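K.L.:
Can you keep this structure in mind? I'll have questions shortly.
The values are calculated or read from the model by the stated rules, or taken from the named source; none is laboratory data. Note that the coordinates shown come from a computational prediction; the quantities given were computed from them, not determined experimentally. We place every Cβ from the backbone using ideal geometry, glycine too, and count neighbours over all the protein chains shown. The accessibility values were calculated without ligands, DNA or RNA, using every heavy atom of the protein model including side chains. Shrake-Rupley method; radii C 1.70, N 1.55, O 1.52, S 1.80 Å.
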Amino acid sequence: MTEADIVQKPAAAPRRLDPEDAQHALGEVQELLRRQELVASLVHRQEEGDTRQNLVEQLVQRQHEAELKALVDGLHPSDIAFILESLPKDERQAVWKLVSAEHDADVLLEVEDWVRESLIEAMDRQDLVAATENLDADELADLAPDLPADVVAEVQKGLTDEERAQLLEAMGYPEDSVGAIMDFEMVRVREDVTLEVVLRYLRRLHELPDHTDQIFVVDRQDKLQGILPLSTLLVSEPDIAVRDVMSTDYLTLAALDSDADAAGAFERYDLVSAPVVDDQGRLIGRVTIADVVDVMREDSQEQALSRAGLQEEDIFAPVAMALRNRAPWLLFNLCTAATASFVASRFEGTVSHIVILAFLMSIVAGIGGNSGNQTMTMIIRALAVGRITGRNLWQLVKRELLVTLLVGLCGSLVAALFAWGISGSVPIALVMMAAMICNMLVGASVGVLVPMLRDRFGKDPAIGSSVLLTFATDSLGFFIFLGLATLFLL
């Protein structure tokens, strides 16, 4: 075999865009869609007798479609996915029809779940089979929940026995587990061969699996014996045996491990890839940095949405769907706000005697909420990376309360000076100071307890946390401030 037989010239890859260029490409797509819509409306309004003008405008419309297709086809699938996610559903479907069939599968893998469903709905069975029949088992497993069952069954017929077993295995793992994100493409060698043999084997491959930084050393039963970093392979003498240079100090993951725990391990040890083994120590797959980055991004998005009581949704989803997503926690928030107002109304006499209190109590509630939000953010982050245990919990609570107390003392002095400045009353300033410290401690306590209790009962610690925090700091803040004012100022 000659060198030319082994080394193949790679095909030209679609260009990747930086964020600003991606925004520019989105603008171009939107402008072409606007022109196309304008021409379509003109064609629709043409009188039946004016066929010549009608034909001219139809040609212009086709030209716009051709320009749009040329623009989209020149983009990387990730950038096409970004554009599709940024368009309303009708425009999204129009652009999706122009995407080349060779990019369909890659785009479906890149788009968010809420967009993927609408794209799959717009494809017929034959197109779906053509788009997915060449996917790897792990990629097909990612798409399988959104694909029609008959399409998955049809694609399985074209898989080898090994690929079919890998697909069934990947689909059997929980969604948030290592098994659900691992892939099966990896390079394995035996420990009794020389590095020259390994190099010759690698040269016969068309290309290495993505993010290959190490080769896995296994025995005849596929049990993992060690790892051979590519850097070691390249700098060592070719006649050395693999067993003499392989590393036996490596991290392994189990298929049922949490993907968040795997992401933490990658972050901690600066990994590019990690092997996944079963209970008998057999190598069954690997996780790469690309998979971990996706996990981190999704977890970050979920936390940001959960704290406001939201679930992921299409930004252009129908109003009814958006209402179902947003209304429950907003209604709950309405109830909590009503409760806070009810608490304030119980002190109507106090406020009517000292009107300035009505202007100051919102400061007490707002600062308490901000203080609690800082604590809650730190606790949720610590829970996400597994830094909170039963042994350090009480120490963490004491620390947060102490920090809040010290910050509250400093902040309350400023608030007291402000209250004294606008009221001219030292007692009002002292009540303001005491109420602010107390409410900040309430916020810190809620910021610790809400995420911890939700995590304790197996719930997402971020869901609705800000709503519950606002309820506590508003209601108790009003109660503390107006209660102290009633006791000491009347």
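K.L.:
Kindly state, to the nearest 0.05, the FRET efficiency for residue 488 paired with residue 113, given R0 = 45 Å and r defined as their beta-carbon distance. Write out the running numbers ahead of the final one.
P.N.:
Values: r = 56 Å, r/R0 = 1.25.
According to the calculation, E is roughly 0.20.
K.L.:
Taking all protein chains together and a probe of 1.4 Å, list 188, 220, 268 from the most accessible to the least accessible. Provide the component values of the computation, followed by the final result.
P.N.:
Details: 188 75, 220 180, 268 140 Å².
So, going from the largest accessible area down, we get 220, 268, 188.
K.L.:
So if we plug the beta-carbon distance of residue 353 and residue 413 into 1/(1 + (r/R0)^6) with R0 = 35 Å, what FRET efficiency do we get, rounded to 0.05? Don't skip to the answer; put the middle values down first.
P.N.:
Numbers: r = 26 Å, r/R0 = 0.74.
Efficiency for this residue pair is about 0.85.
K.L.:
Could you give the length gained on full extension between residue 254 and residue 327, defined as 0.36 nm per residue of separation minus the Cα-Cα distance, in nm? Walk me through the intermediate numbers first.
P.N.:
Working: separation 73, 0.36 × 73 = 26.28 nm, distance 3.95 nm.
Net length gain for the segment: 22.3 nm.
K.L.:
Could you work out, for the stretch 126-253, what percent of all Cα-Cα pairs fall into each 5 Å distance bin, beginning at 0 Å and stopping at the bin that holds the largest distance?
P.N.:
That works out to 2, 9, 17, 17, 16, 12, 11, 8, 5, 2, 0, in percent per bin.
K.L.:
I've got another one for you. Taking every pair of alpha-carbon atoms in the stretch 20-175, what share in percent sits in each 5 Å bin, from 0 to the bin with the longest distance?
P.N.:
1, 9, 17, 17, 15, 12, 10, 8, 5, 3, 2, 1, 0
K.L.:
Please label the shape of the chain as rounded, prolate or oblate, based on the square roots a ≥ b ≥ c of the eigenvalues of the alpha-carbon gyration tensor (a/c under 1.5 means rounded; beyond that, a/b larger than b/c means prolate, else oblate). Each step should come with its number before you reach the end.
P.N.:
On the way: a/c = 2.82, a/b = 1.42, b/c = 1.98.
Taking the square roots of the gyration eigenvalues as a ≥ b ≥ c, the chain is oblate.
K.L.:
Now for a different question. Can you run phi through the Karplus equation (6.51, -1.76, 1.60; θ = phi - 60°) for the stretch 400-405 and list ³J(HN,Hα) in whole Hz, with x for Gly and Pro?
P.N.:
3J(HN,Hα) across the stretch 400-405, in whole Hz: 5, 5, 5, 4, 5, 4.
K.L.:
Could you name the lysines in cross-link range of residue 69, using Cα to Cα under 17 Å and dropping any fewer than eight places away on the same chain?
P.N.:
Straight-distance partners of residue 69: 97.
K.L.:
Using 1/(1 + (r/R0)^6) with R0 = 22 angstrom and r between the beta carbons of residue 240 and residue 208, what's the FRET efficiency to the nearest 0.05? Kindly include the intermediate steps, with their values, before the conclusion.
P.N.:
Numbers: r = 21 Å, r/R0 = 0.95.
Taking R0 as 22 Å, the efficiency between residue 240 and residue 208 is 0.55.
K.L.:
Shifting gears a bit: For the stretch 319-489, what is one quarter of the convex hull surface built on the Cα atoms, given in nm²? All intermediate terms of the calculation are to be shown ahead of the outcome.
P.N.:
Working: hull surface 46.1 nm².
So the mean shadow area of the Cα hull is 11.5 nm².
K.L.:
Which order do the peptides 135-147, 196-208 take when ranked by the mean count of other beta-carbon atoms within 10 Å per residue, highest first?
P.N.:
Working: 135-147: 19.5, 196-208: 12.5.
Highest-to-lowest ranking by the protection proxy: 135-147, 196-208.
K.L.:
Which log10 I(q)/I(0) values, to two decimals, does the stretch 188-308 give at q = 0.11, 0.12, 0.14, 0.21 Å⁻¹ under the Debye formula with one point per Cα?
P.N.:
Ignoring solvent entirely, the Cα scatterers give -0.43, -0.50, -0.65, -1.21.
K.L.:
Evaluated at 4 °C with a viscosity of 1.567 mPa s, what Stokes-Einstein diffusion coefficient in µm²/s does the stretch 420-460 have when Rh comes from the Kirkwood expression over alpha-carbon pairs? Before the final figure, lay out the partial values.
P.N.:
On the way: Rh = 12.3 Å.
So the translational diffusion coefficient is about 105 µm²/s.
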